[in-house]
Structure formats: structure tokens, C-alpha cells
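The values are calculated or read from the model by the stated rules, or taken from the named source; none is laboratory data. If you're wondering where the values come from, they're calculated on a predicted model, not measured in any experiment. Here the Cβ is made from the backbone with ideal geometry for all residues, glycine too, and neighbour counts use every protein chain on show.
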Amino acid sequence: MRTFPPKHLTILFTLIIIFFSGCYYDVAEELYPSSSCNTADVSYSGFVDPTMKSFCYVCHSTTSGPANGNIILEGYSNIKVYVDNGKLVGAIKHDSNFSPMPQGGSKLSDCTIAKIESWVAAGAPNN
Ligand code: HEC
């Protein structure tokens, strides 16, 4: 019967250790996916409004006209209406009772949605 020389066993065990430590790091990344998304202290002027400007003003600004459901998201008092009736969060989360937004574009990132939800949960401060 053939036996492996010790040198080969050392290489084999080294490879096994490298293999499993690789798996360990993969799992660790999946366990903590939100570590790079900071949802604390989200402000209207610093985050929510710039996001609206980038993704929504093209259809929902004060100058975009009445074609898009007459929905204006520019300016705090205008967006606050859709915060209070639940449509803002429903639309960006693509909840089934709402029209998915941004219309014709891809869904906002999970982190962006989480930050907007956090701002809403904090009472949608005008900050
Ligand atoms: C390409 C144009 C377009 C863009 C971009 C767009 N919307 Fe809309 N949006 C519409 C139209 C048209 C309607 C009205 C018809 C409908 O409900 O589908 C609407 C409706 C809505 C509604 C009401 C939904 C409901 O279920 O009553 C909300 C809230 C909304 N949009 C938010 C947003 C937000 C937030 C963004 C950016 C993340 C965005 N929209 C981007 C065109 C757009």
C-alpha cells in the first residue's frame, strides 16, 4: 500500500486551511451586509433632497409639469405630503399597492431606500 510522504501531507493540510479560511471570509461578508450603509441621522437637505434631485425631479419637480400624476417632490412641504400618505416609501420600495418608482428606471439601491426609510421613521425632519 502507498503512503503519502509527510511533505505532501503538509501541503495538503495547508491547502485545506486556505480553502476553509476563504469560505469563512465569504460568510462573514454576508453576515454583515449593512456595515457600509449608515442610516443614522439622515437629513433632508444632505441626503433626501439630493436623491430626489438625481432620480425624481426629472418627472416630479415644480417645473416638470402636471403630466406625472401632478406629484411634486421638490421642496420640503411638497415631499412631506407623500411621506405622510405613505406613497413615497411605498413607491421606492416597489410595494405592490403603489406605482414603482423611479418609473422606467432601476430601483434605488437598498442603502438609499434604507436611509430614506430611516429619515421617515425619525419623523421626516426638515433638516
Ligand atoms: C420618468 C418619469 C418619472 C420618474 C423619473 C419618477 N416618477 Fe414618480 N411618477 C411618474 C408618473 C407618470 C406617476 C403617476 C402615474 C403612476 O402612478 O404611475 C408617478 C407617480 C409617483 C408617485 C405616486 C405613486 C402611487 O402609487 O400613487 C410617487 C410617490 C412617486 N411617483 C415618487 C417618485 C419618486 C420618489 C421618484 C424618484 C425615486 C420618482 N417618482 C421618479 C413618473 C416618474
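Within the stretch 72-98, restricting attention to residues that are under 19 Å from Ser54 (Cα atoms) and among the polar types (S, T, N, Q), which residue is surrounded by the most Cβ atoms within 10 Å (Cβ to Cβ)? Once the filter is applied, the top-ranked residue is Asn78. Considering the stretch 90-127, and only residues there that are touching a residue at least 40 places away in the same chain (Cβ under 8 Å) and among the aliphatic types (A, V, I, L, M), the residue that is nearest to Ser36 (Cα to Cα) turns out to be Ala114.
Of the helices (runs of 4 or more DSSP H) contained entirely in the stretch 2-111, those carrying at least 1 residues that are near the ligand (Cβ under 10 Å from one of its atoms) and modelled with pLDDT of 95 or more fall at 49-55, 57-60, 76-84, 87-92.
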